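The values are calculated or read from the model by the stated rules, or taken from the named source; none is laboratory data. If you're wondering where the values come from, they're calculated on a predicted model, not measured in any experiment. Here the Cβ positions follow ideal geometry from the backbone for every residue, glycine too, while neighbour counts run over all protein chains shown. Protein only, heavy atoms only, side chains kept; ligands, DNA and RNA dropped before computing areas. Shrake-Rupley method; radii C 1.70, N 1.55, O 1.52, S 1.80 Å.
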Amino acid sequence: MADVARLAGVSHQTVSRVLNGHPYVHERTRLRVRAAIEELGYRPNRVARALVTGRSQLIGVVAQNATLCGPASLLAAFEQVASAAGFVVTTHRVNGLDRESITRALERHRDQRVAGVVVIAPTTSAHDALDAAPPGVPLVTVDGDPERSTPLVTVDQEAGAVAATRHLLEAGHRTVWHVSGPPGWFDSAGRIKGWRSVLEAADLEVPPLVPADWSAASGYRAGQVLARMPEVTAIFAANDHLALGILRAMSERGRNVPRDVSVVGFDDVPEAAYFMPPLTTIRPDFDAVARDALELLVAQWDGNALDDVRRTSGPELVSRDSVAPPST
């Protein structure tokens, strides 16, 4: 480490901060240290570092055993960010986000002597379990309850829904229908809230909510119903898989997207640009969420009092070909 410090022209402490993913290091300095590490082929001795700092380099993650885009993308982003900062991530996947499953996973992480735990907790049932989390282990919740007072990092679901709904209204549509995610998910609730707030603020008709789950099959069933309704010209789908099912249903019923019906999704899955037509959607910044989660863990280890223990990352609208002005 001393060799790295000399080559980079920084202090031993600065090298340590870069290796530990400390947020308060200038980016230019961080790059210079990383370049010196690569040039020298330096590899930290994790056992020695744990002995010196008294802290394990192991971070535990609790995540649902599912392939849903949002949670899976959050997990992948956190693993990459933590690894780049020199940590090892161990993940316990649970079949259900219930109190018993999450409590058991948290206990396993504590037995592994992890330095801290990140829980991807997008449902209300998961947050019931967090109330019984073992004391003494730094913990950050990701994609969870926005009303919770403990350290939390999340995507601004409401802002994403606002952007999607406004985009459809700005294209000239008189109202927007919403095919929602399942109940009990904070993502669903935030997206419903954002969609409804835009319509109410504009004093426009708020159509009946069309409930669904996160699957393309569920979107297809909802689309079969909406395709029969000529008054439906704009749809905001709660995720891209729902939008995919809606696109197929519209095609089968002879309603062209976007000439007859405009559709906006959420998540910007890798396939979204290759849907027919390419899908306009909302892209969350999962990397920003991962960086904020790690920063909150580091702050807890260092004993730093943070005013902003709740971090929200704003998504962006990705405009493609599934939105057009109404034909009539």
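Please list Asp321, Asp268, Asp98 in order of solvent-accessible area, largest first, computed with a 1.4 Å probe with all protein chains present.
Descending accessible area places them as Asp321, Asp98, Asp268.
With runs of 4+ DSSP H residues as the only contributors, calculate the mean residue ellipticity of the chain at 222 nm using -39,500 (n - 2.57) per run, divided by the residue total and rounded to the nearest 500.
That comes out to -13500 deg cm²/dmol.
So, taking all protein chains as they sit and a 1.4 Å probe, how much accessible area belongs to Asp260, in Å² rounded to tens?
40 Å²
What accessible area per residue comes out for the range 97-143, rounded to a whole number of Å², with a 1.4 Å probe?
Averaged over the residues of the range 97-143, the accessible area is 41 Å².
Treating only the Cα positions of the range 100-228 as identical point scatterers, give the base-10 log of I(q)/I(0) from the Debye formula at each q in 0.11, 0.16 Å⁻¹.
Taking Cα atoms of the range 100-228 as identical point scatterers yields -0.51, -0.85.
When the Cα atoms of the range 115-165 are enclosed in a convex hull and the volume is divided per residue, what value in Å³ results?
Taking the convex hull of the Cα positions in the range 115-165, it is 78 Å³ per residue.
Can you run the Rg to Rh ratio on the range 180-328? Use alpha carbon positions and the Kirkwood inverse-distance Rh.
Result: Rg/Rh = 1.07.
Order these peptides, 168-176, 202-210, 288-296, by their mean beta-carbon neighbour count within 10 angstrom, highest first.
288-296, 168-176, 202-210
By what distance, in whole Å, do the Cα atoms of the chain stretch along each of the three principal axes, largest value first?
Result, largest extent first: 71, 44, 33 Å.
What whole-number value in cubic angstrom gives the convex hull volume per residue for the C-alpha atoms of the range 235-281?
Given the Cα convex hull of the range 235-281, per-residue volume reads 55 Å³.
Long-range amide H contacts for Ala234: which residues qualify at under 5 Å (H placed 1.01 Å from N, peptide plane, sequence gap of 5 or more or a different chain)?
So Ala234 has HN proximity to Trp177, Ser262.
Mind jotting down the three principal axis lengths of the range 167-243 based on Cα atoms? Whole angstrom, largest first.
Here the Cα extents, ordered largest to smallest, are 30, 29, 18 Å.
Which log10 I(q)/I(0) values, to two decimals, does the range 267-328 give at q = 0.12, 0.14, 0.29 Å⁻¹ under the Debye formula with one point per Cα?
-0.49, -0.58, -1.15
Once phi is turned into ³J(HN,Hα) by the Karplus curve 6.51 cos²θ - 1.76 cosθ + 1.60 with θ = phi - 60°, what whole-Hz value does each residue of the range 312-328 show in order, with x for glycine and proline?
Per-residue couplings from phi come out as 10, 9, x, x, 10, 7, 10, 8, 10, 10, 9, 10, 8, x, x, 7, 10 Hz.
Return the carbon/sulfur percentage of the accessible area of the range 178-328, one whole number, probe 1.4 Å, all protein chains in place.
Carbon-and-sulfur percentage of accessible area, whole number: 52.
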